[in-house]
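K.L.:
Once you've had a glance at the structure underneath, I'll fire off some questions.
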Amino acid sequence: MGELPSGDGHTGPRRAHPGRPGPEPGPGTGAGTGLETLLAAALRVDHVDAEAEQRAVRAFRAARLAGTHREARTRRRDDWRPRGLRGGRSLRTTLAVLLAGFTLGGVAFAAIGGPDSASRGAGDGPRPAGTPSDAGPGTRRPGAADAPPPAASAGPGRPEAVGGTVVRCRAYVRAKQHGEGLLDVLRQRLADVAGGEKKVDGYCARTLLKAREGAEGGREGAGEDTTGAPAVPDLPAVPTAPDVPVPVPTGAPADPTGAPPLPPTVPGEDGDGEGSGDGVTGNLPDPDQGQDQDGDQARGGVTEDVVPPDTAVPGPGTGGTEDE
Amino acid sequence: MGHGGEPRRAQAYDGELGAAVTRAQEGDETAFAVAYRLVQPALLGYLRGLVGDEAEDVASDAWLEIARDLGRFKGDGAGFRGWTATIARHRALDHLRRRRVRPQGTTLEQDVLELPGPHSTPEQVLESISTEHALSLVRALPRDQAEAVLLRVVIGLDGPAAARVLGKRPGAVRTAAHRGLKRLAGQLGGAGVTDEAPRTLGEST
């Protein structure tokens, strides 16, 4: 092939031959390879002009004689060593690593629930549900940014800042509004507490309302209306206090399996003082909370199903939080 | 289209080229001739895409500089291709500036455009493209696309190397090459091009 006259169009096939001194356009580039091969074959000059070659060789000799090659200094533009030797990590790689690091950090931060809940000993830490299992980077990522802010905002003014369910509910509502990916994760987590995914909306509505009320120091949150609100579909305030305090089954410290039945009322004792305090701080309710519904055991109402004890419930009257 | 990564840099004869360059740097004249023969066909093709008929003159200037600065070069065979392409390109741009000639458009091009193109025979599978035809089409591309295509296809540079030669961002060069190849594919006739359909050229890396 090397003997073909230069530059003429040939109708015959002129694909690149292996023996031909010419670079191939690139193996395995997929799309366009055929075209590239054709173009390369068409554009490369087959023949070598002997005279031109001699001129070049003469120039080479002259430079060699002058010692130019020996003394030559490599400028930046002359350094074409493979990147591994020179470059190291590209900027993109560095940024990707940093982003991953921040993401994981955000996840950890969200898991802890922020400084408030941490200081309160809020019980998200030892949560059996296994925060780490939720913290898949894929689903968590959009939420990681969300979780810290709610925790943070919950901090300053909020008396209870439970950082657990309240924060989660808040994030859930936000996620619903924005259609974020964390929505499903939150819904599942809250479903445990609320007694089912369908109940999450109502549960969150009540929870957040209680939180709000609690902030105002309303002790009476303590469940007046049991009727209230399970039906509450969405957050915006439900007038009827959806405090459905779930009284802890007497005796049994809110065993995880036992769903505390919906109490007709029970507001009576608020054991919020201590009870809630415990409830909030500890994951496992203390035995002596037997009576105390609101504080910690109030899992937002209609929990007929499994109520994980460690859900740091934001006590309905929030009494608890204030107390601590 | 590949990511312009490492696999593309390795051409069939790069090992031989790298060895020849090293020996030439040590004074081996024959090795220099070997390197010349390995590099010149692509270099000349590249220059023809840039400056058309004056490619040989520009190539001569380039080889003078390559021969003189040979001691400065550091790298392997693929790197040598990039280095020489850069030198050739600078000479070409100087040439164009001196001549105040636009890089595209020659009479050759006009003549070729009047010829019936491959799409006039739709059933014919395109097995080759004539040099004149290819050259005219490439030179009719927007400048950035033409250069990106030439460096990729003729010199065989990967994305990063081509970007370095052109002094542009790799992403921009990749995009320009994509677009240029896509346009060429369309001009050469969809059915006529072997293997690939033009649509695949639109893929981003």
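K.L.:
Kindly list, by first and then second residue, each pair from a residue in segment B:52-75 that is under 30 Å from B:SER136 (Cα atoms) and more than 9 Å from every other protein chain (Cβ to nearest Cβ) to a residue that is open to solvent by 30 Å² or more (accessible area, probe 1.4 Å) and outside any helix (DSSP H, G or I), limited to pairs with Cβ atoms under 7 Å and residues at least 6 apart or on different chains.
P.N.:
What qualifies is B:GLY52/B:THR106; B:ASP53/B:THR106.
K.L.:
Out of all the residues in segment B:136-163, which are farther than 18 Å from A:THR33 by Cα and part of a helix (DSSP H, G or I)? Break it down stepwise before answering.
P.N.:
Of the residues in segment B:136-163, the ones farther than 18 Å from A:THR33 by Cα are B:136, B:139-144, B:160-161, B:163.
B:SER136, B:ARG139, B:ALA140, B:ARG143, B:ASP144, B:PRO160, B:ALA161, B:ALA163, listed by residue number.
K.L.:
Still on this structure: When residues of segment B:64-80 are filtered for being farther than 14 Å from B:PHE32 by Cα and part of a helix (DSSP H, G or I), how many remain?
P.N.:
3
K.L.:
Condition first: open to solvent by 10 Å² or more (accessible area, probe 1.4 Å) and either touching a Phe, Trp or Tyr at 6+ places or on another chain (Cβ under 9 Å) or more than 19 Å from B:GLN40 (Cβ to Cβ) (or both). Now tell me which residues in segment B:148-160 satisfy that.
P.N.:
B:GLY159, B:PRO160
K.L.:
Of the residues in segment B:76-88, how many are among the polar types (S, T, N, Q) and either surrounded by fewer than 24 Cβ atoms within 10 Å (Cβ to Cβ) or facing chain A (nearest Cβ under 8 Å) (or both)?
P.N.:
Summing the residues that are among the polar types (S, T, N, Q) and either surrounded by fewer than 24 Cβ atoms within 10 Å (Cβ to Cβ) or facing chain A (nearest Cβ under 8 Å) (or both) in segment B:76-88 gives 1.
K.L.:
Same structure again: Tell me, please, whether a residue that is within 18 Å of A:ALA42 (Cα to Cα), modelled with pLDDT of 90 or more and away from chain A (no Cβ under 13 Å) can be found in segment B:114-132.
P.N.:
For segment B:114-132, residues within 18 Å of A:ALA42 (Cα to Cα), modelled with pLDDT of 90 or more and away from chain A (no Cβ under 13 Å): absent.
K.L.:
Consider B:ARG169 carefully, then state whether it is at pLDDT 90 or above, open to solvent by 70 Å² or more (accessible area, probe 1.4 Å), more than 30 Å from A:ARG81 (Cβ to Cβ) and not polar (S, T, N, Q).
P.N.:
Working: at pLDDT 90 or above: yes; open to solvent by 70 Å² or more (accessible area, probe 1.4 Å): yes; more than 30 Å from A:ARG81 (Cβ to Cβ): no; not polar (S, T, N, Q): yes.
Answer is no for this residue.
The values are calculated or read from the model by the stated rules, or taken from the named source; none is laboratory data. Just so you know, these numbers come straight off a predicted model, no measurement behind them. Don't worry about glycine lacking a Cβ; one is built from the backbone with ideal geometry, like all the others, and counts go over all protein chains shown. Accessible surface is based on the protein model in full, side chains and every heavy atom, while ligands, DNA and RNA are left aside. Shrake-Rupley method; radii C 1.70, N 1.55, O 1.52, S 1.80 Å.
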